[in-house]
Amino acid sequence: MPKEPRAVPMGIISAEPIHAASRKLKFGTKVVTLGRSSRQGHSHSAAVGGYKEKKAAAGVKTGGAQSGIVFNKGFGQHILKNPLVIAAIVEKAAIKPTDIVLEIGPGTGNLTEKLLQTSKKVIAFEIDPRMVAELNKRFQNTPLASKLQIIRGNCLEQDFPYFDKCVANVPYAISSALIFKLLKKPTFKCAVLMFQREFALRVCAQPGSEAYCRLSVNSQLLARCSHLMKISRNSFNPPPKVESSVIRLDPKCPPPAVDFEEWDGLVKMLFNRKNKKASSIFRTKAAVQALHDKYLSYRKMEGGQPVEATAPGSKSATSSSSADATSLMPMQQFRVLLESVIADPMFEKRSRMLDEEALMSMLAHFIKHGIHFI
């Protein structure tokens, strides 16, 4: 069951210490709204090109490398330190003073600070207690403190509170899971996210390109995906081994009228061998067996009984279509049915050439003849 964070009313500074608040939260989730009573912690912030002086002028505390934090590779901690990149990310999100912003993995708060300056409120998920302490130290007793809510814990295991926009330097290990958690219930306006460049390019890849894959198809089913800019590894502390990119996701509203599990089942089968023709993929022994198993499971779930069945288009298929709708089918007859379905010319394209419209047509064609992917 997802963990549900405790809601803290905006504009109210919590007077509860972290350990007291945690007793009221399910599964020990900790929510911190920064204020005078927040716990103290060490400070850490990278100063680049006078950035430290700018922050001090804004009334926000800063620290230096002397804080001695050792970044946790297991959490994918690479702190974004380049102020020009931070400013560009916030600009691309087009944040309004009325927006509530969700941030994942705020780290020491370099991006968080800019978000607080431009938004109504920032809700930040942070899994590392050391970073929670850093954020406490950085923002307490500043004008920005009342606008920041920190939720300590794994963002993938908790329900997101309401937010308008998501802006984040995403830990690479949770990239795919985070995208689909966001897009599962897309009530937000947009997300501007930084990922490993290879991953970002796959999200935004177009049909026919080498990078086009299952991730591309599923992401673009649910959102308009745009590649915004490339980011050098030197913009981070410590520098990652790979380059990064920033992308923007604009959820489709309304979302497409398709069962996502059915859709993903089809896409997964097609893109396991994306350079082969669709018809060839569905003729493989493994594919036929998998589809037959799903066919039997689906029919049993609907209360079907084993009867003789024939392929669509035959004389008996027309007269017995109502019976076939609740029937089970032996493998031999199922092969005949499947072969007749994939005889359609649309199945002669290679998987990586199939766009959303073609995939929608293909799925509808399968379902029309009683073949499902769940």
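General remarks:
- No other residue among GLN66, GLN117, GLN140 is polar (S, T, N, Q) and modelled with pLDDT under 90 apart from GLN66.
- Tally of residues being crowded, with 20+ Cβ neighbours inside 10 Å and either within 15 Å of LEU337 (Cα to Cα) or among the aliphatic types (A, V, I, L, M) (or both) across the stretch 352-365: 4
- Residues that are of a type outside the set (A, V, I, L, M), touching a residue at least 24 places away in the same chain (Cβ under 8 Å) and out of contact with any Cys (no Cβ under 8 Å at 6 or more places or on another chain), drawn from the stretch 167-189: ASN169, PRO171, TYR172, SER175, SER176, PHE180, THR187, LYS189
- Scanning the stretch 230-274 for residues that are polar (S, T, N, Q) and either over 25 Å from ALA168 (Cβ atoms) or not assigned by TED's automatic domain parsing to the domain that holds LEU215 (or both) returns a single hit, ASN272.
- Residue pairs whose Cβ atoms lie under 8 Å apart, sitting 6 or more positions apart in sequence or on different chains, and linking a residue in the stretch 341-361 that is among the small types (Gly, Ala, Ser) to a partner that is modelled with pLDDT under 95, do not occur here.
- Residue list for the stretch 241-262, filter: within 30 Å of VAL85 (Cα to Cα) and in a loop (DSSP other than H, G, I, E, B): LYS241, VAL242, GLU243, LYS252, CYS253
- Note on the stretch 311-351: among residues that are of a type in the set (D, E, K, R) and at pLDDT below 75, the one that is farthest from LYS268 (Cα to Cα) is LYS315.
- Number of positions in the stretch 345-367 that are within 23 Å of the chain's Cα centre (by Cα), of a type outside the set (A, V, I, L, M, F, W, C) and within 17 Å of PRO256 (Cα to Cα): 3
- Only residues that are over 19 Å from the mean Cα position of the chain (by Cα), surrounded by 18 or more Cβ atoms within 10 Å (Cβ to Cβ) and within 30 Å of ILE367 (Cβ to Cβ) were counted across the stretch 234-273, and they come to 4.
The values are calculated or read from the model by the stated rules, or taken from the named source; none is laboratory data. All values reported here derive from a predicted model rather than from experimental measurement. Methodologically, a virtual Cβ is constructed for each residue, glycine included, from the backbone with ideal geometry; neighbour enumeration extends over all protein chains shown.
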